[in-house]
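The values are calculated or read from the model by the stated rules, or taken from the named source; none is laboratory data. These numbers were taken from a predicted model, which means no experiment stands behind them. No Cβ is skipped: glycine too gets one built from the backbone with ideal geometry, and neighbour counts run over all protein chains shown. Areas reflect the complete protein model, heavy atoms only, side chains present, ligands, DNA and RNA absent. Shrake-Rupley method; radii C 1.70, N 1.55, O 1.52, S 1.80 Å.
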Amino acid sequence: MRTSDRDRRGSRILALCVALILLAAFFYPASALDADYYVAENGSLFHAEVAIQGAEAYEFTEPGYLGEKVSVDVTNISLSGESGEDAGFEEGWHSISFEKGNYTVGYDQAFSNNDFNVLMDSSYNITLYLPDKYSVSNPLLGMVSTGGSVNKSGNFTEISWKMKKYAEARFYDDFQEKMLFAFGSFWLALVLIFLIPYLQSRRKKDQ
């Protein structure tokens with residue numbers, strides 16, 4: 001039985017729609033959730049605001065030495081709904097549980113050595129806010145992991161990663177930079193003290 005022109009036209013339209021949907025999914029992937037981190041003035045902790053969807057529990061972890069997730073202690077835990085209202089939760093072992101839904105989890109986490117790093121379960125738009133006293137621009141003292149962009153915004157340095165599961169930044173203050181220059185100057189002077197007499201002696205031997 002011969003397929004009618006109308007059926008063939010309908011098949012072409014359906015195939016075209018499927019192709020457009022797949023193409024759109026490839027070039028315009030689903031938007032990532034947001035995770036914002038605010039470093040304290042003394043650099044000893046950060047406050048996190050992490051969006052979650054369709055969840056009924058949240059674990060507090062950080063990357064281990066081998067990239068694995070390691071449970072971490074946090075304080076000042078909060079949970080808010082999509083409209084910003086406070087939501088109830090139960091605390092567990094380095095985790096919280098709650099009624100399934102979309103929320104923003106807030107908490108404070110201590111860290112050391114001015115080394116910030118997070119590992120997410122899925123792709124996130126991650127933003128780190130550093131007080132103006134800190135910087136990442138000197139490669140000998142600071143670093144930003146792949147994909148991070150650095151911008152000055154008011155009294156903060158804003159570092160953002162788009163659609164990332166992992167983010168890391170190492171930052172420093174003015175004192176650390178001054179100590180680096182002092183240390184470098186000391187060793188440069190020491191090298192010159194020993195190098196100049198050596199060059200002079202070599203010149204005398206060549207004459």
Tell me, please, whether a residue that is more than 20 Å from residue 34 (Cβ to Cβ), exposed (fewer than 14 other Cβ atoms within 10 Å of the Cβ) and either in contact (Cβ under 8 Å) with a residue 40 or more places away in the chain or touching a strand residue (DSSP E or B) at 6+ places or on another chain (Cβ under 9 Å) (or both) can be found in segment 117-131. no
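Just to verify a result, which residue in segment 132-153, among those that are touching a residue at least 40 places away in the same chain (Cβ under 8 Å) and open to solvent by 50 Å² or more (accessible area, probe 1.4 Å), is farthest from residue 168 (Cα to Cα)? So that I can check it myself, show each step before the final result.
First, the residues of segment 132-153 that are touching a residue at least 40 places away in the same chain (Cβ under 8 Å): 133-135, 138, 140.
Then drop every residue that is not open to solvent by 50 Å² or more (accessible area, probe 1.4 Å), which leaves 133, 140.
Details: 133: 19, 140: 16 Å.
Checked segment 132-153; the qualifying residue farthest from residue 168 (Cα to Cα) is 133.
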Filter result for residue 160 (modelled with pLDDT of 90 or more and either among the hydroxyl-bearing types (Ser, Thr, Tyr) or open to solvent by 40 Å² or more (accessible area, probe 1.4 Å) (or both)): yes
Those residues of segment 56-95 which are at positive phi and free of Cβ contacts under 8 Å to residues at least 40 places away in the same chain amount to 76, 84, 94
